[in-house]
1. Go through the range 130-166 and report how many residues are in a strand (DSSP E or B) and at pLDDT below 90.
2. Could you list, in sequence order, the residues of the range 6-20 that are open to solvent by 30 Å² or more (accessible area, probe 1.4 Å) and more than 16 Å from the ligand (Cβ to nearest atom)?
3. Tally time: how many residues in the range 86-113 are free of Cβ contacts under 8 Å to residues at least 12 places away in the same chain and on the phi < 0 side of the Ramachandran plot?
4. Can you find, within the range 231-288, the residue that is nearest to ARG323 (Cα to Cα) among those that are in contact with a Pro (Cβ under 6 Å, 6 or more places away or on another chain) and of a type outside the set (Val, Ile, Thr)?
5. Can you run down the residue pairs with Cβ atoms below 6 Å, 6 or more apart or on separate chains, where the first is in the range 191-218 and within 10 Å of VAL35 (Cα to Cα) and the partner is within 12 Å of the ligand (Cβ to nearest atom) and assigned to a loop (DSSP other than H, G, I, E, B)?
6. In the range 245-259, which residues are open to solvent by 10 Å² or more (accessible area, probe 1.4 Å) and among the β-branched types (Val, Ile, Thr)?
7. What tally of residues in the range 34-75 results from selecting those that are surrounded by 15 or more Cβ atoms within 10 Å (Cβ to Cβ) and either more than 9 Å from the ligand (Cβ to nearest atom) or over 15 Å from ILE215 (Cα atoms) (or both)?
8. Go through the range 103-129 residue by residue and tally those that are part of a helix (DSSP H, G or I), among the aliphatic types (A, V, I, L, M) and surrounded by 11 or more Cβ atoms within 10 Å (Cβ to Cβ).
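The values are calculated or read from the model by the stated rules, or taken from the named source; none is laboratory data. Bear in mind that the values here come from a model prediction, so they are computed numbers and not experimental data. With ideal geometry, Cβ positions are generated from the backbone for all residues, glycine too; neighbour counts draw on all protein chains shown. When the accessible area is computed, the model is the full protein with side chains, heavy atoms only, and any ligands, DNA or RNA have been set aside. Shrake-Rupley method; radii C 1.70, N 1.55, O 1.52, S 1.80 Å.
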Amino acid sequence: MYIMSMIRLVNMTKRFGKTVAVKNADLEIEKGEFVVFLGPSGCGKTTTLRCIAGLENPEEGEIYIDNELVNDLPTLERDVGFVFQHYALFPHMNAYQNISFPLRAMKHKKSYIEREVMKVAELLRIEKILQLKPSHLSGGDLQSVALARALVIKPKVFLLDEPLSTLDAEFREEARTMIKKIHIEIGATTIYVTHDQMEAMAIADRIVTMNLGEIQQIDAPEYVYHNPVNIFVANFLGSPGMNFIDCSLEGDNTLKLGLDGKILQINEKIVKKIKAVREGKALLMMGIRPEDIKLSFKKDVYGFDMEVTIVEEIGPENIINLRSGDHVVKVLTDPDTLPETGETVWAVPDQDKIRIFDQQTQKEIL
Ligand code: ATP
């Protein structure tokens, strides 16, 4: 079936001298989707966004917006609105003049400009600050004015590069909800760049995880969280993060763990998966999320024994830190589970939630 995509990247590569900022990016974003680019600093998120906006020219590949090849189209003709980390509002103009600036540049009529500015001001609830200059606005208001200025041209595509990073933590959550609400109301195809995995999980229809200029995985937040394609993605999502333990297949139905040679019984399904891809004693990595481990206070062959080192009570749940030699495993429990420090417990992973990665390729064994 042919899907009408709003943005399509085909094999796009962008270099800065010897640095390959974005490598062979293939991506299709549907009309109305809210997509988040997620990854560590320097992985190519901003460069990809700037290529879509027409602020950078890729050396290779194609960029389509609404099925039109836009590689040679200047930014102004691409029908994109963008907000970057630093809003770059004009300091000598008040909020109204800043927001109306792109419409004035497009030579729209005064009555049209007034109507459209008031519409976005209402949407963002900033009607009362329109006469104020940036130096008199709070961080949250500055961010809203920058959003309004980008929205007022009713772009087909809305590009947001870490728009909340300058806000205090307490406003970030509120502002994030507002951005999602605006998206639902106006329905513009949106790309949002962040290195904050919690923000990405909360706001995205789909997350594009990137590393070292390459797209790693494109999937819905829940799916990426539970089915990361490789160790990098598994590691990047979740807090506390996934536990990783070196292991290899031992005997018919056990894993030998890199925890002082401890043995963990596993079900046939996992054994079959491993054997289908890897022979013999290949070095593997077991991944298990802290919430997918139960604690047992007596011996359990489907678990491994560890010593309780720290119990962190964080309100709705506890983080139990376990140790075996130099290895630490974190377990999330309900608030009533309070083992004693120094006590030996068995960490019992949910067999359906165990992920196995190949240490050589770093990829998940399917
Ligand atoms: P951040 O979150 O820190 O902005 P990012 O994921 O957005 O990171 P990019 O800013 O796209 O990453 O940078 C990708 C790579 O390209 C980095 O190695 C960066 O140093 C390099 N780079 C980006 N812009 C330029 C430039 N104008 N000149 C030279 N190198 C650049």
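1. The number of residues fulfilling the criteria is 0.
2. Across the range 6-20, the qualifying residues are ARG8, VAL10, ASN11.
3. 8
4. Among those residues, the one meeting the criterion is PRO240.
5. So the pair list comes out as VAL193/GLU162.
6. Across the range 245-259, the qualifying residue is only THR254.
7. So the count comes out to 18.
8. The total comes to 8.
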